[in-house]
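A short worksheet on the structure shown next.
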């Protein structure tokens, strides 16, 4: 990627070229302050990039473009006009106990799959939890069980959640549940079916369809990169940050690989928050470094299997709740965009939530292709004989982990930065160690730039801290309560 000549004067620096970093970079450039962008990878887009292998394109995790933030939608439309930003129908299901449940779940489908006896048991378990007001002790397990009952929790939440995070659900903080499990749930579906749901609190879904770039999500961020560069931004790929110098309460220099040194005026950072603090020079106190190193991430890999279009399912993706296989979710990339696959074929993206260095992460690619093929065949989604070939993509630090200790560690790091690095502005998913979707990551970047350029006073940490799941709108609801995971007393 061509770059401009670097100035020796202090510059605005953007660390990371994912959705948050590139949004910040474009906003800075549009305001007349073109930044220096430092990206550790050799491509832009972060986890929202499009992976290209031969003539196939893969989306890492599936990135629907939906939002309730007007500024974000306006930017998407600005970047991808002229038919390059499609509207696509959404179809997704849950595979559990050999059956497929609609997701979001519908009463008729849930009842048909569970049967009247099991439905009655789930309802009794739900009523028992609500009448007893089971204590919510702040764990994912207690949060879900206290709201939906133990039976629904063990059937539909426990297995998948433990696949995603790799820890027992009783050791996972409830923030994940509060962000992701809302009224559109199996509990709500069963309450609907038996007439116990409050119709005045009906959910209006925003996700029966979604928007999507024709060539995958990376198309959006490649365009964003190009616009920023046209306005004078400077991009350095394969340039992970190695140290950040600070003095008198401000960062004064950022050093990246190959001895690239950039004097700093303001820094917007989407690199992992713990890694950012650990790179500070002089080093923070031991307690702060401990907090930085204790923030954990979950890593991710996709095995993309090339199959005939006729061998695929119609869904965009399917959640695999079966404990018998390691696969957590499977995508049909042809259902996301026909332009990502070849005519008459599609790719099935088998998603595994892993830890860097574990047995799946280190497994050779050919063995992973065979492993994923056998898992799909074991649960009846695929005949192994139709798989032509496959590709593997590994993504480190894909998801910030919400364990019981992360709140305290996060508070420690924020307090230290607010005193010793007042011109550093964390944004985005890894930058804030918060499981934001890309629209909220973009919003944190927009607000950070507004604070820097226009002297605004936005609280970036308030973005996406409410009780309303951002895929849904509750009629008459004005917003949330300010805690990421409210407890039941």
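The values are calculated or read from the model by the stated rules, or taken from the named source; none is laboratory data. Bear in mind the structure is a predicted one, so any value in this text is a computation, not a measurement. Positions of Cβ are generated from backbone atoms using ideal geometry, with glycine treated the same way; all protein chains shown enter the neighbour counts.
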**Request:** Working only within segment 347-365, note down all residues that are more than 20 Å from the chain's Cα centre (by Cα) and closer than 20 Å to residue 52 by Cβ.
**Result:** 347, 365
**Fill in**
The lone condition residue 265 fails out of (1) over 25 Å from the mean Cα position of the chain (by Cα); (2) within 17 Å of residue 58 (Cα to Cα) is (2)
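Only one of these is surrounded by fewer than 18 Cβ atoms within 10 Å (Cβ to Cβ), outside the structural domain of residue 363 (by TED's automatic domain parsing) and closer than 24 Å to residue 447 by Cβ: 225, 250. Name it. Steps first, please.
Details: 225 fails: surrounded by fewer than 18 Cβ atoms within 10 Å (Cβ to Cβ).
None of the others qualify; the one that does is 250.
Select the strands (runs of 3 or more DSSP E) contained entirely in segment 29-99, then report the ones holding at least 2 residues which are in contact with a helix residue (DSSP H, G or I) (Cβ under 7 Å, 6 or more places away or on another chain) and outside the structural domain of residue 342 (by TED's automatic domain parsing).
On the way: elements: 36-38, 50-53, 56-59, 85-89, 92-96.
Passing ranges, in order: 56-59.
Identify, from the list 409, 440, the residue that is more than 26 Å from residue 41 (Cα to Cα), in a helix (DSSP H, G or I), at pLDDT 85 or above and out of contact with any strand residue (DSSP E or B) (no Cβ under 8 Å at 6 or more places or on another chain). I'd like the intermediate steps shown before the answer.
Numbers: 440 fails: more than 26 Å from residue 41 (Cα to Cα).
Only one candidate passes the filter, namely 409.
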**Asked** So residue 299 clears everything in (1) within 28 Å of the chain's Cα centre (by Cα); (2) surrounded by fewer than 22 Cβ atoms within 10 Å (Cβ to Cβ); (3) without any contact (Cβ under 8 Å) to a residue 60 or more places away in the chain except one condition, right? Which one?
**Response** (3)
**Asked** Of 330, 325, 369, which residue is part of a strand (DSSP E or B) and touching a residue at least 12 places away in the same chain (Cβ under 8 Å)?
**Response** 330
**Asked** Can you pull out the residues in segment 225-239 that are assigned to a loop (DSSP other than H, G, I, E, B), in contact with a helix residue (DSSP H, G or I) (Cβ under 9 Å, 6 or more places away or on another chain) and closer than 7 Å to residue 38 by Cα?
**Response** 239
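Evaluate segment 105-123: report whether one residue or more is in a loop (DSSP other than H, G, I, E, B) and buried (at least 18 other Cβ atoms within 10 Å of the Cβ). Walk me through it before giving the result.
Residues of segment 105-123 in a loop (DSSP other than H, G, I, E, B): 105-106.
If we keep only those that are buried (at least 18 other Cβ atoms within 10 Å of the Cβ) as well, we get 105.
Scanning segment 105-123 turns up at least one residue that is in a loop (DSSP other than H, G, I, E, B) and buried (at least 18 other Cβ atoms within 10 Å of the Cβ).
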